[in-house]
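Read through the structure below, which is laid out as structure tokens, and then see the notes.
Nothing in this text is a laboratory measurement; each read-out follows from the coordinates by a stated rule. A quick note: this is a predicted structure, and the numbers were derived from the prediction, not measured. Using ideal geometry, Cβ is built from the backbone for each residue, glycine included, and neighbour counts are taken over all protein chains shown.
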Amino acid sequence: MSENYVKSQFGYESTKIKSIDVNWVINAYDKKCSVDVSKYFSSKRYLDLYRCSGTGYEYWDVDESGVGDEEFYKKISTSWPRYYKERRWEYSLASEYITKTDRVLEIGCGRGYFLKSIEGMCADAVGLEFNSSAISNKVTSFNIFDKKVEGLSCDNNFDIIFCFQVLEHLPDVNSFIIKCLSLLDSGGLLVLSTPNSKYKEHRKFRDCFDMPPHHVGRFNRSVYNNMSEVFDLTLVDVVEQRVDSVLSSDLNCGVPLFSKYFNKLMYFVNRFLFFYMFKIPGHSMLAVYRK
């Protein structure tokens with residue numbers, strides 16, 4: 001089989017669409033956050049990017065050794081200010097799907113900022129995180145476990161599963177989503193957010209954080225549409241972050257009511273002004289599926 005043609009994890013043909021010199025990636029990480037990532041590339045000279053013909057999903061051709069481990073995330077979260085953000089633009093929109101009777105799971109919850117924000121909004125919630133330092137410094141009263149989703153029993157059924165900025169870090173998205181769906185009750189919601197590969201900086205490959213060992217997969221609106229068919233799900237909504245909600249997402253403004261209405265304003269600005277008039281690709285996306 002040609003090196004330009006491989007099978008994707010979804011079973012479709014994939015074509016190589018990009019190659020980047022590994023030395024450029026290593027130097028870019030060093031310049032951006034002073035983290036040495038050379039060990040994750042072994043003897044590789046180039047990083048190859050493939051696109052799945054059936055889904056449009058793009059993925060870097062790396063094995064498990066090329067994916068960030070706990071040591072990597074400890075270093076990057078120390079070197080890069082506010083890596084674990086107290087507020088993300090997705091949080092207020094995502095929380096609107098929660099009801100008082102819901103059992104909630106958040107995968108890759110970091111220190112638990114989202115879980116803290118929904119305390120009192122649901123019946124119960126639990127988080128999964130493999131960065132032990134983040135767990136030790138958790139900010140929520142809900143339990144956070146150092147465990148992969150594969151380690152959960154199918155007896156653990158949830159009404160909503162949240163994965164914020166997680167999928168792009170995973171080498172096997174297909175298996176991950178299948179496992180999530182096995183933990184989700186019928187009619188339950190799977191809420192995902194990822195960077196958007198159509199965003200200018202990502203489209204032009206200017207940001208090393210959108211490359212291994214940090215990110216190994218790339219998503220966009222079309223991929224989310226196609227994934228609904230692959231997994232037989234109903235795509236409820238896809239929202240792009242077209243305007244940074246600076247006050248509510250990146251600053252601890254201490255005015256929750258203001259943050260709530262500011263986020264709602266940004267939602268409508270994103271939807272009706274930037275999408276319908278200018279169609280500027282947003283940095284990130286939030287997708288909601290119903291099982």
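Taking 0.36 nm per residue of sequence separation and subtracting the Cα-Cα distance, how much length would be gained by fully extending the chain between Asp30 and Thr101, in nm to one decimal? Show your work: numbers first, answer last.
On the way: separation 71, 0.36 × 71 = 25.56 nm, distance 4.65 nm.
Gain on stretching Asp30 to Thr101: 20.9 nm.
Rg (Å, one decimal) plus Dmax (Å, integer) for the alpha carbons of region 5-79?
Expressed in Å, the Cα Rg and Dmax of region 5-79 come to 14.0, 39.
Within 10 Å, count the other beta carbons around each residue, average over each peptide in 186-199, 129-142, and list them highest first.
Packing order, densest peptide first, comes out as 186-199, 129-142.
In region 1-145, if every C-alpha pair distance is counted and binned at 5 Å from zero, what percent goes to each bin?
The calculated distribution, bin by bin, is 2, 9, 14, 14, 13, 14, 15, 11, 6, 2, 0.
Binning every alpha carbon pair distance of region 142-201 at 5 Å from zero, what are the percents per bin?
Going out from 0 Å in 5 Å bins, region 142-201 shows 4, 16, 24, 27, 17, 6, 4, 2, 0 percent.
Cα axis of helix 22-33 to longest principal axis of the chain: angle in degrees, 0 to 90, nearest 10?
For 22-33 against the chain, the angle is about 40 degrees.
List the trypsin sites (Lys or Arg not before Pro) within region 48-95 that fall in a DSSP loop (any state other than H, G, I, E or B) and whose Cβ has at most 15 other Cβ atoms within 10 Å.
Of the trypsin sites (Lys or Arg not before Pro), the ones in loops of region 48-95 whose Cβ has at most 15 other Cβ atoms within 10 Å are Arg82.
Expressed in nm to one decimal, what extension gain is obtained for the pair Lys39 and Glu70 from 0.36 nm per residue of sequence separation less their Cα-Cα distance? Working shown, then result.
Details: separation 31, 0.36 × 31 = 11.16 nm, distance 1.39 nm.
9.8 nm is the gain from fully extending Lys39 to Glu70.
Work out the length of the dipole vector of region 5-79 about its Cα centre, built from +1 on the beta-carbon of each Lys and Arg and -1 on the beta-carbon of each Asp and Glu, and round it to the nearest 20 debye.
Result for region 5-79 is approximately 240 debye, rounded to the nearest 20.
Rg and Dmax in Å for the chain, alpha carbons only: what are they?
18.7, 58
Please get the size of the charge dipole for region 1-155, origin at its Cα centre, with Cβ charges of +1 on Lys and Arg and -1 on Asp and Glu, quoted in debye to the nearest 20.
520 debye
Calculate for the chain the 222 nm mean residue ellipticity that helices alone would give, adding -39,500 (n - 2.57) per DSSP H run of length 4 or more and normalising by residue count, nearest 500 deg cm²/dmol.
-7000 deg cm²/dmol
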